[in-house]
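Data first, discussion second: the structure below is written as structure tokens.
The values are calculated or read from the model by the stated rules, or taken from the named source; none is laboratory data. Only a predicted model underlies this, so the values are computations on that prediction, with no experimental measurement involved. Backbone-built Cβ (ideal geometry, glycine too); neighbour counts: all protein chains shown. Ligands, DNA and RNA are excluded from the accessible area calculation, which covers all protein heavy atoms including side chains. Shrake-Rupley method; radii C 1.70, N 1.55, O 1.52, S 1.80 Å.
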Protein chains: 2
Amino acid sequence: MTGYSLHRPLPIGEVPRWDIETGVAVIGFGAAGACAALEAARGGARTTLFEMGSGSGGASALSGGEIYIGGGSDAQKAAGFADTPEALAAYLKLAGGPDADAAKCDLYAAQSLAHYEWLKAQGVPYKGSFVPGKIIEPATDDTLIWSGSEEAWPFYETAAPAPRGHVIQFEGWGGGRLLVDILERNVRAAGVDVRTDARVVALIADGPAIVGLVVRIDNRDHFVRAGSTVICTGGFCMNQDMIRRYAPEALKLSDPIGENDNGSGILMGMGAGGDAIHMDEFFTTCPWIMPESLVKGIFVNRNGQRFINEDCYHGRVSRTMIDQPGDRVWLLVDNAIFARPIDLARIDIAAVGESWEEVERELGLPEDTLSATVRTFNRYAAEGEDPLWHKAAKWLKVLDEPPFAALELNFAGSYFSFFTLGGLATRPTGEVLDRAREPVPGLFAAGRATAGLPRWGHGYSSGMSLADCTFFGRQAGMAAAARVRETA
Amino acid sequence: MTGYSLHRPLPIGEVPRWDIETGVAVIGFGAAGACAALEAARGGARTTLFEMGSGSGGASALSGGEIYIGGGSDAQKAAGFADTPEALAAYLKLAGGPDADAAKCDLYAAQSLAHYEWLKAQGVPYKGSFVPGKIIEPATDDTLIWSGSEEAWPFYETAAPAPRGHVIQFEGWGGGRLLVDILERNVRAAGVDVRTDARVVALIADGPAIVGLVVRIDNRDHFVRAGSTVICTGGFCMNQDMIRRYAPEALKLSDPIGENDNGSGILMGMGAGGDAIHMDEFFTTCPWIMPESLVKGIFVNRNGQRFINEDCYHGRVSRTMIDQPGDRVWLLVDNAIFARPIDLARIDIAAVGESWEEVERELGLPEDTLSATVRTFNRYAAEGEDPLWHKAAKWLKVLDEPPFAALELNFAGSYFSFFTLGGLATRPTGEVLDRAREPVPGLFAAGRATAGLPRWGHGYSSGMSLADCTFFGRQAGMAAAARVRETA
């Protein structure tokens, strides 16, 4: 064990020697770190990337490799969608919740198409083909999908909808690994000095400025002098203690999506004076929309009440489930739309009946609760309306074909994956802000170590996090390199 | 303007002179600061109290002067309630939510009666008389009331209920002012050096240790050397920027209960390395239970759905309202229980009808939503049951006597008072903990600048905050004085 702390930078006066000197030090080799390192190196800075694992990856490599892009891409146009940067910005602001970062939303919306071209230039393949419907990721190698709540109420009222989930061309799920591999290839080609099995244990400070870091490599502390440091260490979903202190609602969930997402970078940034905001926010989802016919079912809570328009993005629906009283919700389906849920979701059939009253009884609910909910839903669905939740007409189906079933989504038992959305406050440049809204000199951050475009669990859409990681990772790398140039 | 920052302690090397030297410096003259100063002085420490306002008060003086006390007090016994420390501890842990501080709950439960005797010894008057029913504060000078969700589901299942709201003897509302006045009298008698109009603008650090503070008095910076510093500055409900960054759900509310609750102490503590936890949590309430007959009504959200047992503590009910979709909820009452709500609550009559269907239509709700909710509620209430929310039988009333009315509680328009519950992480001794769970040497905190007994808006009960302020203020004062003795 070293005596260094994630929580307090080592004063420069206590540094015994410099083992490594670099321009830009990047911590973490997921998509954010790769993009930061790439732009830093291309910006002319000597760049070193430290990764605690044995290779690149992070949570990015566990993802579908989907990036939220809009404003009128080739794929959007080919599929007949006329998206605009304004509509994209409006959607991102809705999705960002009550404290959406307007500056980041506007910048990203304005440069989203250029970023898409940049990704292609790195070798990220996009077939440009659209798959309609509500899916999690394409099972094919198609590359454009609906990946959020764009068409759902209330989002469509404010932001003109378009599909914006641009998925890396990859046969089947899990293209995130390929995305990171491609970024890694570029990182290495750009001359970045990549150090794996290299765990950063402390930052080094000269007064308020961050001037380097202490890295544990081969069981020995290395003192790294760096002109700029970029924290790209991901969120804290793997750190139970942080979850308990900052986001205890997520204690209900047992399937974190993460690898080394232990919050270490957030803690180091806070220790350096950085502000951490929206730490209670998290994304969660259960892949309940597979098969898609299930979207025509209706969700009820333990009191038999509906609580969301089920045609929202599956993550928004899932996050709202967690707000419900009790520890489970049910998806009500009739025989016409029933199909066995995807195994991954671990959803059980909790009750079956020839009438909704029978299902209600079998679930142990009071009379005229669930059955009243279905009756009212059916009465309006027959007219193509959902006056309570404004579910779109194409997903409305009178649930009147017996047998009827209640599919159970249990928060602890079903597959509710989650990751955290709160983190360091940063400028669009990646500069880490302190609590007085001033930059911590020399310190940058990107990705889920920050509160970025995604910062509200109820608004998250697929691809928002990788959009944030890749685009703002690049901004951080550019700004970090510029600072090295300016201070040289 | 000074050049000092709440966000970063001034290094001791930059202190030009010492204007004041003291043993214990207490910041803030609400109940927490008063109790801390009192115990510090009585513990033998030279004690100086700095208050930015012109006199004592803080949010404590805006309160009803009610303290959550239990375990078998004279007043409880006289009223026939057999409370125990175990039941009190169990209730506090439920009320503290998913990350309740077990150590604080247990310590407070064990010493609650001794603390009550201490309060009496300071001269705080208690008549010892119980007022039954659901009230906010006694309108008389009685001093024991039900002040939480003790008798309500699900609390009574785990913690044996007893009334624990011990209110200072005072005719009418607002006894908090008297409570602080009495504490102030003791503070002055104990020889505490009280400095008002004295705004603390920075802490002073010697390495990781806090060794003093910079105070602005008469437009001049005073440098104060202190053996221990105790932050008792309250929460951050008056700081819109902090609300936005840390607790944006509270942006819905417009009536903060606070005076100078600007979060300055929390920011200074964080700047000194302290951890701030549960920053998203807040208490809110609307005084909708006056007159009490309204408790027999049922709340529905904009979809006509019930969402809570209405016999819970009014703050728990109010906090749950804020979780509902939309910006308002309705309290449904029939002619038998209708009474005009207390003016303070700013509640309007939104609809009146001879049938629940008419009320439903008048509110613009879809058919068979609100009316179905009432029908189901009535069907079971007639049998003395509430199978959905387990509202106690004594509050169940079939709502079948026309005319019927919907009383509207609009989050922005009705009187939803609120204050924040998140703050510095502390030990029961008041030692401020850093993010590694180690004390910040020399720094203590108590009251709403900390995450104390109350730290979950859905569990708050009246008197929990003053219990926390007074008891843990005392602990902090004692520990701060002990540290001065030990380091002397």
- Note on the structure: Note on the protein assembly as shown: alpha-carbon gyration tensor, axes a ≥ b ≥ c; rule is a/c under 1.5 for rounded, else prolate if a/b larger than b/c, else oblate; result oblate
- Note on the structure: Computed over the range A:66-167, protein heavy atoms only, probe 1.4 angstrom, the accessible area per residue in square angstrom equals 34 Å²
- Two pseudo-spin positions, 7 Å from Cα along C-beta at B:Ala189 and at A:Ala82, lie apart in nanometres by 8.1 nm
- Average silhouette area of chain B, convex hull of alpha-carbon atoms, in square nanometres: 22.0 nm²
- Message: Using the Kirkwood radius over C-alpha pairs as Rh, can you work out the diffusion coefficient of the range A:81-148 via Stokes-Einstein at 20 °C, viscosity 1.002 mPa s, in µm² per second?
- Response: 157 µm²/s
- Cα centroid distance between the range A:244-290 and the range A:352-391, in Å? 36 Å
- For the range A:22-73 the mean separation of alpha carbon contacts under 8 Å (6+ apart) over residue count, i.e. relative contact order in percent, is 41 percent
- Long-range HN-HN contacts of B:Gly212 with modeled amide H, under 5 Å: B:Ile204, B:Ala226
- Hey, any idea what Rg/Rh is for the range A:287-410, computing Rh the Kirkwood way over Cα pairs? 0.91
- Task: Return one number: the angle in degrees, 0 to 90 and rounded to the nearest 10, between the long axis of the Cα atoms of helix A:31-42 and the longest principal axis of the Cα atoms of chain A.
- Result: 40 degrees
- For A:Trp18, go 7 angstrom from Cα along the Cα-to-Cβ vector, then report the distances to that same point in the other copies in nm, smallest first. 3.9
- Averaged over all viewing directions, the convex hull of the alpha carbons in the range A:346-488 casts a projected area in nm² of 13.0 nm²
- Query: So how far, in whole Å, is the C-alpha centre of the range A:174-227 from the one of the range B:433-488?
  - Reply: 39 Å
- Which distances, shortest first and in nm, link A:Arg188 to the matching position in the other copies, using label points set 7 Å out along Cα to C-beta? 7.7
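With n ≥ 4 as the cut-off for DSSP H runs, can you work out [θ] at 222 nm for chain B, using -39500 (n - 2.57) per run divided by the number of residues, rounded to the nearest 500? Kindly include the intermediate steps, with their values, before the conclusion.
On the way: 12 runs with 134 residues, N = 488.
Result for chain B: -8500 deg cm²/dmol, rounded to the nearest 500.
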- Per-residue HN-Hα couplings for the range B:386-394, Karplus 6.51 cos²θ - 1.76 cosθ + 1.60 at θ = phi - 60°, whole Hz, x for Gly and Pro? 9, x, 7, 10, 6, 4, 5, 4, 5
- Relative contact order %, chain B, counting alpha carbon pairs below 8 Å whose residues are six or more apart: 23 percent
- Item | For the protein assembly as shown, size of Cβ-based charge dipole, Lys and Arg +1, Asp and Glu -1, in debye | 2880 debye
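Mind grabbing the interface size between B and A? I mean buried accessible area, both sides, 1.4 Å probe, in Å² to the nearest hundred.
Counting both chains, the buried surface is close to 3900 Å².
Just to confirm, what accessible area per residue do you get for the range A:351-429 at 1.4 Å probe, in whole Å²?
36 Å²
Could you grab the relative contact order for the range B:358-446? Cα pairs under 8 Å, six or more apart, rounded to a whole percent.
15 percent
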- Task: Calculate the length of the line joining the C-alpha centroid of the range A:394-413 to that of the range A:54-83, in whole Å.
- Result: 31 Å
- Query: How far apart, in nm, are the 7 Å Cα→Cβ label points at B:Glu157 and A:Glu383?
  - Reply: 3.9 nm
- Query: Between copies, how far does the label point of A:Pro291 sit from its twins, in nm, shortest first, when each point is 7 Å from Cα along Cα→Cβ?
  - Reply: 6.0
- Message: Can you compute the modelled spin-label distance between B:Asp141 and B:Ala102, with each label point 7 Å from Cα toward Cβ, in nm?
- Response: 4.5 nm
- Tabulate in residue order the Karplus-calculated ³J(HN,Hα) for the range A:355-371, using 6.51 cos²θ - 1.76 cosθ + 1.60 with θ = phi - 60°, rounded to whole Hz; enter x for Gly and Pro. 9, 5, 4, 5, 4, 4, 4, 5, 7, x, 8, x, 4, 6, 10, 4, 5
- Per residue of the range A:469-478, in order, report the coupling 6.51 cos²θ - 1.76 cosθ + 1.60 (Karplus, θ = phi - 60°) as ³J(HN,Hα) in whole Hz, putting x for Gly and Pro. 4, 6, 5, 7, x, 4, 4, 5, x, 5
- Can you count the Lys pairs in chain A whose Cα atoms are under 20 Å apart, with each pair 8 or more apart or on different chains? 11
- Within the range A:351-367: backbone nitrogen closer than 19 Å to the B:Arg375 label point (7 Å, Cα to C-beta): A:355-361, A:365-367
- Task: Please give the residues from the range A:403-449 for which the solvent-accessible area of heavy atoms, probe 1.4 Å, is smaller by at least 40 Å² with all protein chains in place than with the chain isolated.
- Result: A:Arg435, A:Arg437
